[in-house]
Each structure stands twice: as structure tokens, then as C-alpha cells.
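Before I ask anything, here is the structure I am working with.
The values are calculated or read from the model by the stated rules, or taken from the named source; none is laboratory data. Keep in mind that this is a model prediction, so the values were computed, not measured. Cβ atoms come from the backbone with ideal geometry, glycine included; neighbour counts cover every protein chain shown. Keep in mind that these areas ignore ligands, DNA and RNA; they rest on the heavy atoms of the full protein, side chains included. Shrake-Rupley method; radii C 1.70, N 1.55, O 1.52, S 1.80 Å.
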Amino acid sequence: MLTSADYATLFLTFQVASSTTLLLLFFGTPLAWWLVRTQSKYKGIINAIVALPLVLPPTVLGFYLLIILGKHGIIGQLTTQLGLGTLPFTFAGLVISSCLYSLPFVLQPLQTAFSAIGSRPLEAAATLRASPLDTFFSVVMRLSTSGFLTATVLGFAHTVGEFGVVLMVGGNIPDKTRVVSVQIYNHVEALEYSQAHWLAGGLLLFSFCILWLLYSIVKTPTSTPLFK
Amino acid sequence: MNTAIIAKFKLDYGDFHLDIDVTLPSLGITVLYGESGSGKTTLLRCIAGLKQAQNGFLSINNTVWQDSEKQLFVPTHQRALGYVFQDANLFTHLSVSDNLDYGLKRLKTAVDPTQKAHIIELLGISHLMSRMPEHLSGGERQRVAIARALVLNPRILLMDEPLASLDSQRKQEILPFLMRLNQELHIPVLYVTHSKKEMALLADYLVILAHGKVDAMGLLSQTLSRVDLPLSQDGQASCVWEICIAQHDHADHLTQVDFSGGRLYLPTIPLAIGEKRRVQIFARDVSITLDMSSQTSILNRLPATILDMFTDNSGQAVISLQVGSDKLLAHITQKSVTQLNLSVGKAVFVQIKGTSLLN
């Protein structure tokens, strides 16, 4: 059965995943909207940057984050000067790296949903006196609920499942940065297979259920592919 | 300044160049007519502000919405307009009732609530209020879209081929509403279409567009009867007269109607005495004689004066005539022109073989 240390990692994982998902929805929504609507020449390069975590090995991302956030990195120096200390091996550092790691999993469903709406409902709203911001809340968000659902579920589930970035940036500090995936690794290392089974099996079941739920709720899964 | 619509736009869009400078009447329906690619929809979108012409000036009854020289461009949502899209473009996540209220909630000044009820009744959509757009027919959707634009009490109504995506039966379902709108609305309507029938039925004023430029514009009757325009030269060339039902001759299955130049006999029209409609008279159904004496089977013979003639090398001639205060087009052969010695200003008689009632 699960030990109290296991429960602590589960709780921490939940905290990291929810914070990450909320932050990503908050910042990812305007970014996704901008990427869909903009005619900017930088659109291509920005799309490439935000999609990078899809293809990079998590250890590569984690390695560079460790360096940038560390004492001698650009952000590390900034946070030290601000009196915040350095971010690696802290909860905040874990959330920030998770945000970068899971960014495409939130952005892409939103981008797909936004581009499916097209410009016609926006034009209708404009002729009915709705400002662009008003239109976004009263039309765009209402028409892309399945995109938001997909983004939330994928962002959360993908953060729960991360390992490489967490290990590089967060380390393996009990109650502080030790999440479920790392705990499974610890159990396996210590040859505690039955403990590992409980956690790994739980994670498997969780991921399966949440995806099953997602595909049952989202009305037309074919029109909302996970990736474009 | 006068009360009118002044629209000047210059827009380059790939290969397409829009170059428009028009002054349009501030009342009645102005039809923007042209083939696809003529720029009629682009012009309408520039007027709505959905497209921004690099160079433009737009004033609707002294309210300026765009003036490039002064860097002025009022965004669409701040323009007091109503816009009806080709395929209704209702919000699919809102019921009919919520679609109608969407704009109303956003108006800065409240409108008279009886007006909304009146528009709902006028367009016959009161039984649809709780439905979702996906459960409406194409015709119903378009009626809701028209109502949604009108409840805002706009200063101008812009309609982009509102019937183009409907089959002829659905068109027939909406046209009477549009005709009633024309009588009840006291705002200018700009109506984009490539349908000659809709143009003949609805237009008070006609703007013909081709290749992004204005080919011709003027009152409907004057523009239709211009012999120098391609519109008067093709097989479907016609003129449109306003008529008023005067008398029913039940025994002969005929209805007598009055127009500016006298009386016409038409096949029975099931309308009450005094009702007004439009009839379309095709140029191919009009022939010309020099006297009234000869016996003929044609009932409608009227005195007329030749206004203008156009001949090309095809052996055909296009003649425009004045009948009462109306204009008429006739397609005859060049040989007839010579035989009858027709010339501009000559008094003749026209025989009208057929008319078609527009409704």
C-alpha cells in the first residue's frame, strides 16, 4: 500500500499540475489567440519556439532551464537581485519549468479551436456593437469550450506525467520537489516493486480515465485533434 | 453638406483594385449590382468597416465613419449599422432570442421595446424565439439575421446577397418581407446582389459595378433604359414599371392596372384594388408600330417617344422609349429601324406582348 511519503508526492504532484495548468490557461489563451489572428512575420518563429517542448528531450529543456534559472543564469541573477533567491530545487522553479514543458499541450488545442471559429462570427459580433475584447469573451470562448477542456486536461495530465525536467530542475527533495514520477523511479531504484506498482498503476489508470472522459465529452473529437 | 451617403474608396488587394467614388441617396434601397469579382461585396465591407481601404472617405448622412486624410477610422462595432451576411451568420451557441438580444444589450442608448416586437412580427419569427440556429431552415435563419440587424435601429442597413444561398422557394419566402421593409423602413438600405430579379424587384437606385469600378448609376428606371450599357443589350434586358391595381375583369380573366402612362391589361392578378406592385417588361416583348389603326391581338398598345437608339453590327437595335413618365426598352431588328424610319424624338406606338409581375 501507499506510504505517507507516497501520499506527499501525490499531493505535491497535484499542486504542481493545477498551478501549471491555471498559469498556462491564463497566459496561453491570449498567446494562442494572437498566434491564430496575427499577420506578424514573427508568427512562424514564435510558433516554432512554443512547439519545441514537443520534440525536445525533457532533459535538454531541463538542463538549459537549470542553467538559466541557476545562480549564474540570466534569470537566476535577476531573481537573486530581487531577493527571491534562485528557483531550481524549489516549488516555484518546478511550476515554471512545468509551464514551459507543457506549454504546447495547452496552446495547440486552443489554437485549433480558435482557428476553427474563423473570422465570420467575429465579424457578426462587430456589426452587433461588440468590441474585440467583448467578442472574445461572449463569442470566442463560448464557441471553443471543447478546446479549453482539451487544453486543461492535456496540460494537467502531461504535467503529472513529466519526469526529465522535474528531475533536472526540481531534484528529488521530499515534500518540496519530489513528485509521483520521481517517487516511482526511487521505488524502482530501491527494488520496491510493489510500491512502484501502486503508484505507476494509479498513474496509468488516472491518465486513461481522464483521456476517456475527454474523448467522451468533446463532441467531435475528429475536429479537435490533439495536435494540428 | 447634404444628407446622403458619400463613399470614396481606393483599395489594392492583390490583382484586384477597387476605385469607387459615389454619392448615394439617403433613403430607399440602393442595389449594388455586378458579376462576382466586380467588387460589390468589397465595397459593402468597406462601408461596414470590416475591410479598411487604404484610401477612403465615408459619410452617412453627415456622420463621418472614415476619413483617411484625417487618420479617422471608426471601427465596425462603433458604427450604427445593421449588416446581413450572405449565410445569416447567426451565433450557433445562442438561441434565436439571444441572437436578437446580443446587439441590443450592447447599445449605449436603449431603443423602444415595441420596435423589437414589431420587427419580430414583421419578419414572422415569433414562433422561433426559443430555437437554436441549427434547428432553423435557411429561410428562417436569414429572417432572424435580418431581424437581428434591424432591432438595433441602425442608421443604415447593409445586405450582402441575403438570398444567394437559398433555393428559389426560400427566396420566395423572404422577398415579401424585404418588400415590406422597403415601405416601412426610413433608413437607407444597400443591397448587394448579382440577381437581376432581386434588383428589378427591390432597387430604387442602382449602382452597377464591374472590375472594382462603377459602370453606371442612377434611378432604377433610368439606368435600366440606358441603351449604351450591356444590361440593356442582352436577352434579359428589361424595364420595370410601378403599377397600381385598378380593376378586375373576371369574365376575361384580366386585371387592369394603372401606370404613369395610362392603363395596361394583365392576366388576372389576385390582389385588391389599389395595391401597388412592380412589373417587368422585357425588351424582347416590345415591338414598335407607327399607327394605332392596324388590327392586332396585342392588348397593350401605348403612345411613346423614342429617346435613344443603339445599333451594332449584329443586325439588332436597342431602342429606349418614353411612355408616360416611365421608360421602356425595345429590341427590334435594324431592318425595322430602316423600314419604319425610326429616329430619336419620333412619336411611335409600342405593343407590349407580355409583362411579368414581380413578387
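Residue under question is A:A116, and the condition is that it be in a helix (DSSP H, G or I) and within 14 Å of chain B (Cβ to nearest Cβ); does it hold? Step through it out loud before you land on a result.
Working: in a helix (DSSP H, G or I): yes; within 14 Å of chain B (Cβ to nearest Cβ): yes.
Here the answer is yes, as A:A116 does meet what is asked.
Can you work out which of the residues in segment B:46-68 that are away from chain A (no Cβ under 12 Å) and on the phi > 0 side of the Ramachandran plot is most open to solvent (accessible area, probe 1.4 Å)?
Going through segment B:46-68, the residues away from chain A (no Cβ under 12 Å) turn out to be B:46, B:52-68.
Retained after the next criterion (residues that are on the phi > 0 side of the Ramachandran plot): B:61-62.
Working: B:N61: 41, B:N62: 73 Å².
Ranking the qualifying residues of segment B:46-68, first place goes to B:N62.
While we're here: Quick one: is B:L231 on the phi < 0 side of the Ramachandran plot, modelled with pLDDT under 90 and either open to solvent by less than 40 Å² (accessible area, probe 1.4 Å) or part of a strand (DSSP E or B) (or both)? Break it down stepwise before answering.
On the way: on the phi < 0 side of the Ramachandran plot: yes; modelled with pLDDT under 90: yes; either open to solvent by less than 40 Å² (accessible area, probe 1.4 Å) or part of a strand (DSSP E or B) (or both): yes.
So B:L231 fits the description; yes.
In addition: Let me confirm something: among A:A130, A:A124, which residue is open to solvent by less than 10 Å² (accessible area, probe 1.4 Å), of a type in the set (A, V, I, L, M), within 14 Å of chain B (Cβ to nearest Cβ) and not in a helix (DSSP H, G or I)? Working first, answer last.
On the way: A:A124 fails: not in a helix (DSSP H, G or I).
Within the list A:A130, A:A124, the selection yields A:A130.
Follow-up. Could you please give the count of residues in segment B:43-66 that are of a type in the set (G, A, S) and either without any contact (Cβ under 8 Å) to a residue 24 or more places away in the chain or part of a strand (DSSP E or B) (or both)? Full working, then the answer.
Taking segment B:43-66 as the starting set, the residues that turn out to be of a type in the set (G, A, S) are B:48-49, B:53, B:56, B:59.
Subsequent filtering for residues that are either without any contact (Cβ under 8 Å) to a residue 24 or more places away in the chain or part of a strand (DSSP E or B) (or both) retains B:56, B:59.
Qualifying residue count for the region: 2.
How many residues does segment B:7-28 contain that are in a strand (DSSP E or B), touching a residue at least 24 places away in the same chain (Cβ under 8 Å) and surrounded by fewer than 18 Cβ atoms within 10 Å (Cβ to Cβ)?
Step one: list which residues in segment B:7-28 are in a strand (DSSP E or B), which gives B:7-13, B:16-24.
Those still in the list that are touching a residue at least 24 places away in the same chain (Cβ under 8 Å) too: B:7-13, B:16-22, B:24.
When the remaining residues are screened for being surrounded by fewer than 18 Cβ atoms within 10 Å (Cβ to Cβ), the result is B:10, B:12-13, B:16-17, B:19, B:21-22.
Total meeting the criteria: 8.
With B:A88, B:A110 as the choices, which residue is part of a loop (DSSP other than H, G, I, E, B), within 14 Å of chain A (Cβ to nearest Cβ) and over 24 Å from the mean Cα position of the chain (by Cα)?
Working: B:A88 fails: over 24 Å from the mean Cα position of the chain (by Cα).
Unique residue meeting the criteria: B:A110.
Okay, residues lined up against (1) small (G, A, S); (2) touching a Leu at 6+ places or on another chain (Cβ under 9 Å):
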{"position": "B:V189", "(1), (2)": "no, yes"}
{"position": "B:H194", "(1), (2)": "no, no"}
{"position": "B:M199", "(1), (2)": "no, yes"}
{"position": "B:L202", "(1), (2)": "no, yes"}
{"position": "B:V207", "(1), (2)": "no, yes"}
{"position": "B:S225", "(1), (2)": "yes, yes"}
{"position": "B:L231", "(1), (2)": "no, yes"}
{"position": "B:D234", "(1), (2)": "no, no"}
{"position": "B:A237", "(1), (2)": "yes, yes"}
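From the list B:L266, B:L271, exactly one residue is hydrophobic (A, V, I, L, M, F, W, C) and outside any loop (DSSP other than H, G, I, E, B). Which is it? Steps first, please.
On the way: B:L271 fails: outside any loop (DSSP other than H, G, I, E, B).
Sole residue among the options that is hydrophobic (A, V, I, L, M, F, W, C) and outside any loop (DSSP other than H, G, I, E, B): B:L266.
Could you list, ordered by first residue, the pairs with Cβ atoms under 6 Å in which the first is in segment B:31-42 and on the phi > 0 side of the Ramachandran plot and the second is in a loop (DSSP other than H, G, I, E, B), at least 6 apart or interchain?
Correct list of pairs: B:G39/B:G212.
Tally time: how many residues in segment B:117-130 are crowded, with 16+ Cβ neighbours inside 10 Å and touching a Ser or Thr at 6+ places or on another chain (Cβ under 8 Å)?
Filtering segment B:117-130 for residues crowded, with 16+ Cβ neighbours inside 10 Å gives B:119-120, B:122-123, B:125, B:128.
Restricting the remaining residues to those that are touching a Ser or Thr at 6+ places or on another chain (Cβ under 8 Å) gives B:120.
Residues in segment B:117-130 being crowded, with 16+ Cβ neighbours inside 10 Å and touching a Ser or Thr at 6+ places or on another chain (Cβ under 8 Å): 1 in total.
Among the listed residues B:L43, B:L81, identify the single one that is within 12 Å of another protein chain (Cβ to nearest Cβ), closer than 21 Å to B:P25 by Cβ and buried (at least 21 other Cβ atoms within 10 Å of the Cβ). Spell out how you get there, then give the answer.
Details: B:L43 fails: within 12 Å of another protein chain (Cβ to nearest Cβ).
Being within 12 Å of another protein chain (Cβ to nearest Cβ), closer than 21 Å to B:P25 by Cβ and buried (at least 21 other Cβ atoms within 10 Å of the Cβ) holds for just one of B:L43, B:L81, which is B:L81.
Hey, can you tell me all the residues within segment B:3-18 that are charged (D, E, K, R) and over 24 Å from B:V189 (Cβ atoms)? So that I can check it myself, show each step before the final result.
If we filter segment B:3-18 for residues that are charged (D, E, K, R), which is where we start, we get B:8, B:10, B:12, B:15.
Within segment B:3-18, B:K10, B:D12, B:D15 meet the criteria.
Being within 14 Å of chain B (Cβ to nearest Cβ) and either among the acidic types (D, E) or under 16 Å from A:F208 (Cα atoms) (or both) is the filter here; which residues of segment A:133-165 pass it?
Passing the criteria: only A:D134.
Something else: Pick from segment A:24-77 the residues that are under 16 Å from the mean Cα position of the chain (by Cα) and not in a helix (DSSP H, G or I): which of them is surrounded by the fewest Cβ atoms within 10 Å (Cβ to Cβ)?
A:P57
For segment B:300-352, name all the residues that are open to solvent by 50 Å² or more (accessible area, probe 1.4 Å), in contact (Cβ under 8 Å) with a residue 40 or more places away in the chain and of a type in the set (A, V, I, L, M).
B:L307, B:M309, B:A347
Still on this model: Identify, please: which residue in segment A:171-197 is touching a helix residue (DSSP H, G or I) at 6+ places or on another chain (Cβ under 7 Å) and open to solvent by 70 Å² or more (accessible area, probe 1.4 Å) and is, among those, nearest to A:S19 (Cα to Cα)?
First pass over segment A:171-197, keeping only residues touching a helix residue (DSSP H, G or I) at 6+ places or on another chain (Cβ under 7 Å): A:172, A:174-184, A:187-188, A:195-196.
After this cut, where a residue has to be open to solvent by 70 Å² or more (accessible area, probe 1.4 Å) as well, the list is A:174-176.
Values: A:P174: 19, A:D175: 16, A:K176: 15 Å.
Going through the qualifying residues, I end up with A:K176.
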